[in-house]
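The values are calculated or read from the model by the stated rules, or taken from the named source; none is laboratory data. Since this is a predicted model, take the numbers as computed values, not measurements. All Cβ positions, glycine included, derive from the backbone under ideal geometry; neighbour counts span all protein chains shown.
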Amino acid sequence: MHRTQKIALFNIIVIFTALALSLITFCVAYYVFHLPFLRAILGFGFLGILGLRRFWPIFINKKSSAVTYDERDSLIHRKASLGAYSFFWFYFTIASIVPIFTVGVFGKIPVLYLPIMAFCGQLVINLTQSILLLIEYGGREKGEKS
């Protein structure tokens, strides 16, 4: 498995673990213990686990003698980044239009909506890019033909 694949897989595992723990904690606090919404939302503090994604160099060692990045890797990263940002703009467009349908054209949305939208957008980019990297590396044959 290529080093980039390990990093992408690590990112996916950390993102889904943080989201699952946060949602489970919120649901248990709100529905089981009947805490108020503003106290139950503190369960999303588990999203702090996402900071572990920056520690991947500690967990995934780099071989000093082998070439770890070449033209093919550059092309795969470019395709994955383009796909991730394309998907992000789709998400951003939908997230920008949803308030129009929920509160109306002259309605007001809470200011908290904007940073949540930006945070979720970053998650969308990271998750989509990691998935596309795994697809691009795994979907090709070992012997490339020109």
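Return yes when LEU42 is more than 21 Å from TYR69 (Cβ to Cβ) and not in a helix (DSSP H, G or I) and no when it is not. Taking the combined requirement at face value, the residue does not satisfy it.
In the range 82-101, the residues that are modelled with pLDDT under 95 reach residues that are among the aromatic types (Phe, Trp, Tyr) with C-beta atoms within less than 8 angstrom, at least six apart or across chains, in these pairs: PRO99/TYR113. Counting the residues of the range 11-32 that are under 17 Å from GLN122 (Cβ atoms), surrounded by 14 or more Cβ atoms within 10 Å (Cβ to Cβ) and hydrophobic (A, V, I, L, M, F, W, C) gives 5.
Looking across the range 1-17, just one residue is without any contact (Cβ under 8 Å) to a residue 24 or more places away in the chain and either in contact with a Ser or Thr (Cβ under 8 Å, 6 or more places away or on another chain) or not in a helix (DSSP H, G or I) (or both), and that is MET1. Across the range 11-45, the number of residues qualifying as modelled with pLDDT of 90 or more and either under 20 Å from THR128 (Cβ atoms) or of a type in the set (A, V, I, L, M, F, W, C) (or both) comes to 21. Count of the range 98-130 residues, restricted to those that are in a helix (DSSP H, G or I) and of a type in the set (Gly, Ala, Ser), is 3.
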